Every structure is written in C-alpha cells, then in structure tokens.
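Novice: Dropping a structure here in structure tokens format, bear with me for questions.
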Amino acid sequence: MILFNQETKTFHLKTSKTSYLMKVLETGHLLHLYWGRPLKSENLDYTVRRKDWFSFVANTDNIDAFHLESKEQEYPGYGSTDLRSPAIELEFADGTSATDFRYVDYKIVDGKPALEGLPATYVEADKEAQTLVITLTDKVKNVDVELSFTVFEEYNAIARSVKVINKSADDVKIQRVLSANVDFKDSKFEMIQLSGSWARERHIIRTPLRIGGQCVESRRGASSHAQNPFMALVRKDATETNGDVYAMSLVYSGNFLANTEVDMYSKARMQIGINPFDFTWLLKAGEEFQAPEAVLVYSNEGLTGMSHTYQNLYGKRLMRGVWRDKARPVLINNWEATYFDFNETKIKEIAKQASEFGIELFVLDDGWFGERNNDDRSLGDWFVNENKIRGGLKKLVDEINGMGMKFGLWFEPEMVCPISKLYEAHPDWCLHIEGRTRSTARRQLILDLSRKEVCDYIIKSVSDVLASANIEYVKWDMNRNMTEIGSAVLPAERQREVAHRYMLGLYHVMDEITSRFPNVLFESCSGGGGRFDPGILYYMPQTWTSDDTDAIERLKIQYGTSMVYPNVAMGCHVSAVPNHQVARITPFATRGISAMCGNFGYELDLTKLTDEEKAQTKAQVAFYKEVRELIQFGDFYRIQSPFENNETAWSFVAKDKSQAVVSFFRTLAVPNDNLATICAVGLDADAIYEDMRTGKLYGGDELMYVGINVPDKVVGGIAEEGKELFAGMPSPVIEGDYAAFIWHFKKLINNKINYINEFTRD
C-alpha cells in the first residue's frame with residue numbers, strides 16, 4: 001500500500017511487515033524519513049531537525065542552519081551543498097557536474113510496469129503491488145529523474161529503479177546512476193557481503209562499519225565469482241532469527257557497486273547500482289536511460305527473515321516460465337566423467353547406467369561441436385562434430401530418450417576461440433581495442449554483444465541446434481571476464497558504454513532464445529557461480545552453483561548462496577573423489593547429502609562406481625525424488641554455520657509444515673567429544689512428526705526445543721542390519737572425517753493430546 005499525506009507532503013510505503021517513509025520539504029528536496037518496522041503514523045515531521053554545523057558545511061539555498069549534507073535523502077546528487085557519495089553524477093555541455101534535483105510531482109499506479117530491456121521483478125495481477133513514481137528535476141539543466149518504488153505488500157519487499165530523462169537541447173553524459181540510496185541517522189551496523197573467488201563463491205563476510213567508504217564491487221564485466229550484487233546492513237546484535245536487517249540486491253549481471261559511506265557525523269549512506277567505474281552513457285537530447293532494479297528488504301526477524309523474503313519473491317516473481325513452479329529433474333552430466341574424450345558409445349553407456357538409477361536427464365557437456373577436442377578451438381562454431389557423435393545429434397537424443405531420459409546440451413554462446421570458423425570469418429566481432437593485445441582466457445575471446453549482428457548470430461545458431469532434436473535442457477556457460485573492453489563499431493564518446501551495452505545485448509539474446517523454446521529448462525553456469533545473480537535468474541531459473549563440487553567446500557558455498565537465492569535456483573551435484581578442485585576424499589553418502597541442497601544430480605562416470613556406490617546412488621535418487629519438492633520449494637533454515645563451526649546444519653520445511661528434512665555435517669572427527677544434538681526450526685510445535693528412517697514419533701516442540709540426537713558411533717546400532725539404505729546412507733551413525741547425516745520428518749497428528757493418549761514411545 002502507498003499513501004500520500006498532502007498536508008505533510010509525506011509518502012508512506014507499507015508492506016505486511018515494513019514501513020518506508022519519505023517527505024518533500026518546502027524547498028523541494030526529497031528526504032528519507034524512516035525504513036523499518038510497520039508504523040501507524042504518517043507524520044514524522046518532528047524527526048526533521050536543524051542544527052548549525054558551522055562553516056565547512058554549506059547552507060542549502062543560503063538558509064541558515066539548513067544543510068543538505070546533514071539530511072537523510074532519497075536520491076542525492078553532488079555539489080549543491082551535499083558533498084557525500086552521490087547516487088547520480090552527470091556531466092553537462094558546459095563541463096560542470098553539480099546537480100540539484102527537486103520534487104515536481106508523483107503518480108501511484110496499481111501493479112508494476114516492466115523495465116524495457118532489463119530483467120526485473122513482476123506481478124501476475126495488478127492487485128499484487130503498487131508503484132509510486134516520483135519525478136525530480138534539475139531546473140537549471142532541464143534533466144528529470146524518475147524514481148520508481150514498487151511495494152510488494154505480501155512479499156514484504158520494495159523494488160526501486162531510476163530513469164534519467166534529458167529534456168534539454170544539449171547532450172548529457174551520465175557518469176553515475178545508482179538504483180537505490182538509503183540514508184540512515186546512525187552507523188551502528190555491521191555489513192554483510194557475499195564474496196570469494198572461482199570455486200569459493202559467496203562466502204559470508206560480516207564486518208563492522210567504519211568511518212569512510214566500504215564497498216563491494218565488480219569491474220569484471222559480470223557480477224562475478226569475487227562479489228555478489230548484494231549487501232546487508234545489520235544491527236550488531238542481529239542473528240539468524242532476531243534483529244534488524246536492511247538489505248539491497250541488484251537485479252543486474254554486469255559491473256556493480258554496493259557501497260556504504262559513513263560520514264563525519266557517523267551517519268551511514270547505503271547505495272547499490274551500476275558501477276560508475278569505467279562507465280559513461282551519452283544521453284542525447286530527448287533520450288532516456290533506464291537503470292537496473294534494486295530490491296530492498298527489511299527484516300526484524302534476523303537473517304532468516306531477510307532470506308525468506310528474497311527466496312519467496314525471487315522464486316515466484318523474478319523467475320518466469322513453465323519451469324518456475326515445476327520440480328527440476330535429477331541429472332547426470334558427463335564433464336568430469338569424460339572431459340573432451342568421448343564418443344556416442346561412451347555417452348550411451350553412462351546414460352544407460354543413469355537410467356537404471358532413476359536419473360531423469362542426461363546433459364552432454366563441452367566438446368560436442370566443431371573441432372572441439374580441447375580448450376583451444378571451435379567456440380562459436382555451433383554445429384555437431386560427427387566424428388564424435390556418429391549419426392548426428394538427433395539420433396543420439398532419440399536413443400537417450402528411448403532410455404526414458406531427457407536430453408540436455410552445453411553451450412558457451414557468448415565466446416569465440418581465435419581458432420574457429422567464426423573468428424576466421426569475423427575477427428572484429430570480439431571485444432577488443434585496436435592496437436592492443438587481444439588477451440585470451442581459457443583460449444577464448446568475448447563476442448561483442450553490443451552489436452546487433454553478433455546477437456542475431458548467437459540467436460540463430462543456438463536456435464538451429466535446439467530445433468534440430470528433442471533438447472529439453474541447456475547449460476549456458478560463460479568462462480571468462482572482460483579485458484580490452486572496446487567495440488569496433490561504437491564511436492569514441494561511447495566506448496565506456498560497452499560493458500553495459502553488452503549486458504543489454506545478452507539480456508536480449510537470452511529473452512529471445514528462452515521465448516522461442518519455452519519448454520526448455522535453461523541453467524546458467526558461468527564457470528560455476530560467476531553470474532549467480534537475480535538478473536540471470538529472470539531468464540534462466542537455475543544456476544550451476546559452483547564448479548567446486550567438493551562436498552565440504554560446498555557447505556560454505558551453498559550456505560552463503562541461501563542468504564539471497566532460493567534452493568530451486570541452485571544446481572548441486574555429486575562428484576568423484578579425490579575431488580577435482582581440492583583433492584579431498586569424502587564419503588559417497590556425504591557427497592549425496594551435501595548435494596541435496598537444491599537441484600540434485602551427478603557429475604562423474606557412473607559406469608565406474610563400485611557395487612556399494614551403485615546401491616547408494618539408487619537410494620539417493622529415490623530419496624531425493626521423495627523430498628524433491630520439499631527441498632526445491634520449501635523454506636530453508638540455516639541452523640549451524642560452516643564459517644563458525646566444525647559442524648554444519650540446515651533444514652527444509654514445507655510451507656504447510658507437513659514435513660521437514662534436516663541435514664547435519666561434521667567436517668573433522670573429534671576424539672572423546674560430547675554427543676551432538678541439533679534443534680530443528682520452523683516446525684509446528686503442536687504437531688507430531690514421524691522419523692521416516694526409524695518410525696519413531698516426536699512432538700514438533702521436542703524437535704525444536706529439546707533437539708534431535710545426532711547418532712554417534714558410541715550409541716551404535718539404531719538401524720537393523722540389512723535394512724534398505726536410507727537416503728544412500730550405509731551407516732546409521734556419524735563417524736570419521738567429513739561425515740553427514742540426514743533426517744526426514746513427516747507430520748502425523750496435529751493434536752498432541754491425541755498423541756499422548758494413543759501412543760507410547762520405546
């Protein structure tokens with residue numbers, strides 16, 4: 001709900017659990033008043049205070065003791081008395097950059113308008129949201145800024161975006177246009193970011209704010225493995241379940257900046273948007289520029305409350321298409337089984353074995369096209385290598401379909417190898433700067449997606465392959481970041497637009513291909529998690545979470561990813577040991593339980609498994625299918641953090657609390673240690689739950705407040721010898737390094753009195 005108090009000139013944005021208030025001053029400046037728990041009042045005028053901050057802070061409009069620099073603002077510029085980090089910076093025809101944006105008018109509309117050419121959250125009915133558009137203008141330069149605020153009342157989120165409109169007769173250069181800005185009255189926060197590198201993505205970093213600027217950013221041409229386009233400010237006492245959290249997530253896949261500046265008066269300014277570094281945009285007279293969307297979430301229920309808001313919103317109102325609400329298939333991918341060394345016979349052997357385990361999708365990875373026998377060549381040449389796949393792709397697909405499995409295919413459409421027919425024909429189609437070295441990574445260059453003809457080529461070549469056979473899944477990879485960022489066709493004054501134009505081109509390509517093939521399940525990869533961001537999720541409803549498939553490393557990666565992203569967005573797989581990234585040897589059961597944190601699958605040679613591992617695989621697949629929708633669409637709870645403990649635990653709880661899965665991991669064995677207990681979260685305290693492994697009954701209150709016994713070797717034989725494997729676990733106890741255990745609880749009786757009367761426990 002959005003309210004405007006005409007008398008006080010106050011906007012009140014209300015979700016189910018949040019209030020957000022802004023005020024227009026007599027001078028036309030738009031102030032930020034409040035963001036936090038729901039308020040009844042719409043008049044916070046008493047919070048707008050004045051103080052003389054002395055000579056080094058300028059008087060706004062030369063009004064004594066009125067200093068814009070000391071005020072909390074909604075969308076600050078720079079140079080007209082506010083000297084803090086701006087949300088917008090423009091360069092005008094006269095070479096100056098000072099801006100002074102003031103209120104003009106507003107409108108409130110039901111629903112949510114789409115953002116042209118950009119991914120964004122959406123509504124399925126206008127009643128789901130309201131959108132406030134506030135117009136600010138710089139009267140001297142005749143440039144408008146439209147601030148859009150969409151209030152998702154039930155989803156408890158506010159989506160913000162910005163449009164710059166050049167109404168003048170002169171060109172304007174945009175140097176900085178962030179998507180969201182929030183000024184706080186204090187800085188008593190800690191900042192949470194999701195950072196890492198390739199194979200160590202989205203580790204949780206939590207640090208106290210300090211005076212000055214602190215930011216996370218990407219200058220890599222992608223949101224990147226190193227940083228995720230997300231930032232949260234949390235009160236120092238905030239935990240998983242309690243405390244205030246203020247978060248921003250950017251719906252964008254390119255260079256970004258998430259910045260918090262603590263000023264000289266210890267006030268915090270929180271911002272997110274396109275990274276201003278190496279960015280300008282030439283805005284001709286009469287033109288508009290649309291910035292990406294930022295999603296703001298406030299929670300007074302700690303980090304779990306924040307995560308559930310993002311997971312629910314992104315799962316239902318960012319992801320699109322037929323696969324949004326469909327259970328995702330269990331897959332087998334041949335990459336770590338074969339790398340480039342395969343033929344159709346080997347592929348069919350792996351597929352046949354997979355079908356016997358109940359696996360539902362075979363994914364043929366890199367090496368099926370052109371002359372692709374190694375990393376050196378053929379990216380861009382999207383035609384089948386019939387020396388490897390004799391009889392062609394359709395024949396192979398039909399044969400695998402005949403085994404009862406879907407077929408999927410790997411692409412890396414944004415890239416080109418210098419050794420390729422495409423590069424030979426169009427050497428200027430890659431990003432490059434004339435006269436400079438064309439630096440390769442993984443022996444490849446990046447196609448210039450700012451060019452229409454390049455986008456058209458990708459759309460056609462990929463579409464032709466997808467139309468040639470019954471392909472029902474695509475793994476869309478991208479294995480390098482941008483260097484020598486330049487385009488052969490753009491004029492000099494537009495070269496710093498290339499990185500953003502590339503993203504616009506990529507979004508166009510993805511939109512076109514996914515629209516042509518609506519029934520295909522697209523999974524973004526980018527070297528694992530290099531573009532695990534909301535922008536890509538708009539087009540592709542799941543992401544290859546990381547190239548690191550080690551079960552123990554994945555605990556931190558998956559735990560951190562869950563801060564923002566739904567489990568149904570995570571691709572999680574069982575890999576061979578010693579692990580290919582860290583050479584760690586982990587039990588097969590642990591690998592399975594770790595991978596049951598999203599969309600489950602395998603990335604190894606199934607034909608080389610031992611008989612015991614084959615039995616475990618079959619049991620893992622059967623168990624995952626039983627709990628698949630719970631894991632993919634239930635509520636996720638972080639219980640014990642791998643960043644703080646030798647033990648990790650998390651759980652999945654059905655929306656109606658009818659069942660739950662709880663997973664436990666111990667990294668290193670500890671001699672003579674205490675017996676472990678973990679408390680479930682999110683259950684129905686008044687219900688009775690059955691442990692589906694043992695058949696024992698527990699009250700929901702017991703599981704949450706007393707806890708679950710982690711079976712230890714010293715207590716021994718819980719399950720009978722010879723009993724069918726549960727979730728692929730050959731042992732009913734935790735023992736040794738890198739051990740894991742999993743429970744599945746189902747609600748049995750709603751009324752605990754009935755339980756007391758009717759049941760006794762052994």
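Novice: Any idea what the dipole of region 39-168 comes to, in debye rounded to 20, about its Cα centre with Lys/Arg Cβ at +1 and Asp/Glu Cβ at -1? All intermediate terms of the calculation are to be shown ahead of the outcome.
Specialist: Working: 15 positive and 24 negative charges, 40 e Å.
Roughly 200 debye for region 39-168.
Novice: Of the cross-linked pairs Lys127/Lys173; Lys14/Lys167; Lys406/Lys747; Lys352/Lys746; Lys17/Lys107, which ones have a Cα-Cα span greater than 28 Å in the structure shown?
Specialist: Lys127/Lys173; Lys14/Lys167; Lys406/Lys747; Lys352/Lys746
Novice: Let me ask you something else. Which aspartates and glutamates have a Cα lying under 12 Å from the Cα of Lys163, excluding residues fewer than 8 positions away in the same chain?
Specialist: Of all the aspartates and glutamates, those that pass the test against Lys163 - Cα under 12 Å, at least 8 places apart if same chain - are Glu116, Asp144, Glu146, Glu287, Glu288, Glu293.
Novice: So what's region 331-417 giving for Cα Rg divided by 2.2 N^0.38 Å, two decimals?
Specialist: 1.05
Novice: Could you derive backbone 3J(HN,Hα) for region 180-197 from the dihedral phi with the Karplus parameters 6.51, -1.76 and 1.60 (θ = phi - 60°), listing whole Hz in sequence and x where the residue is Gly or Pro?
Specialist: 8, 9, 9, 9, 9, 7, 8, 9, 7, 10, 10, 9, 10, 9, 10, 9, x, 7
Novice: Quick check for you: which residues of region 150-183 have the amide N under 19 Å from the point 7 Å beyond the Cα of Lys284 toward its beta carbon?
Specialist: 164-175
Novice: Can you give me the span-like helices of the chain, meaning DSSP H runs with 18 Å or more of Cα extent along the axis and Kyte-Doolittle mean at or above -1.0?
Specialist: Details: long enough: 302-317 (22 Å, -0.94); 344-357 (20 Å, -0.84); 452-467 (22 Å, 0.53); 498-516 (27 Å, -0.04); 611-633 (33 Å, -0.80).
For the chain, where a helix must reach 18 Å along its axis and average at least -1.0, the hits are 302-317, 344-357, 452-467, 498-516, 611-633.
Novice: Just to verify a number: FRET efficiency for Ala125 and Glu626, C-beta to C-beta distance, R0 = 30 Å, to 0.05?
Specialist: 0.35
Novice: Taking the Cα of Val489, stepping 7 Å toward and past its beta carbon, and measuring to each backbone N in region 452-471: which are under 11 Å?
Specialist: 452-457, by backbone N distance to the label point.
Novice: I want the antiparallel fraction of DSSP beta bridges within the chain, as a percent rounded to 5.
Specialist: Of all bridge pairs located within the chain, approximately 80 percent are antiparallel.
Novice: Enumerate the lysines that Lys713 could reach by cross-link, defined here as Cα to Cα under 20 Å, with residues fewer than 8 away along the same chain left out.
Specialist: Correct list for Lys713: Lys696, Lys723.
Novice: As a footprinting exposure proxy, order Tyr705, Tyr252 by other Cβ within 10 Å, with the fewest listed first. Walk me through the numbers on the way to the answer.
Specialist: Details: Tyr705 11, Tyr252 29.
The fewest-first ordering by Cβ neighbours comes to Tyr705, Tyr252.
Novice: Still on this structure, I have one more. If you build the convex hull over the alpha carbons only and average its shadow over all orientations, what do you get for region 331-631? Give it in nm² to one decimal.
Specialist: Quarter of the Cα hull surface area: 15.4 nm².
Novice: Treating only the Cβ atoms of Lys and Arg (+1) and Asp and Glu (-1) as charged, compute the dipole magnitude of the chain about its Cα centre; round to the nearest 20 debye.
Specialist: Values: 87 positive and 107 negative charges, 54 e Å.
With Lys and Arg at +1 and Asp and Glu at -1, about 260 debye.
Novice: With a Förster radius of 56 Å, plug the Cβ-Cβ distance of Arg49 and Asn646 into 1/(1 + (r/R0)^6) and report the FRET value to the nearest 0.05.
Specialist: Between Arg49 and Asn646 the formula returns 0.65.
Novice: Need one word for the chain: rounded, prolate or oblate. Basis is the Cα gyration tensor (sqrt eigenvalues a ≥ b ≥ c); a/c below 1.5 gives rounded, then a/b vs b/c decides.
Specialist: On the way: a/c = 2.18, a/b = 1.26, b/c = 1.73.
Here the chain falls in the oblate category.
Novice: Follow-up question, since we're still on this one. Say each of Asp456 and Asp656 gets a label point 7 Å from the Cα, pointing the same way as Cα to Cβ; how far apart are those two points in nm?
Specialist: With each label point 7 Å from Cα toward Cβ, the separation is 5.3 nm.
Novice: May I pose another question? Based on alpha-carbon atoms only, what is the radius of gyration of region 546-685 relative to the globular estimate 2.2 N^0.38 Å?
Specialist: My calculation over the Cα atoms of region 546-685 gives 1.04.
Novice: Within region 1-54, list the GluC sites (Glu not before Pro) lying in a DSSP loop whose Cβ has at most 12 other Cβ atoms in a 10 Å radius.
Specialist: Answer by residue number: Glu7, Glu26.
Novice: If you scale each eigenvalue of the Cα gyration tensor by 5 and take the root, what three semi-axes come out for region 2-317, rounded to whole angstrom and sorted largest first?
Specialist: Numbers: eigenvalues 147, 106, 94 Å².
The answer is 27, 23, 22 Å, longest axis first.
Novice: What's the center-to-center distance, using Cα atoms, between region 488-566 and region 401-470 in Å?
Specialist: One Cα centre to the other: 16 Å.
The numbers here are math on the coordinates, done by the rules we state, and not lab data. Since the structure is predicted, the reported quantities are computational estimates derived from the model, not experimental observations. No Cβ is skipped: glycine too gets one built from the backbone with ideal geometry, and neighbour counts run over all protein chains shown.
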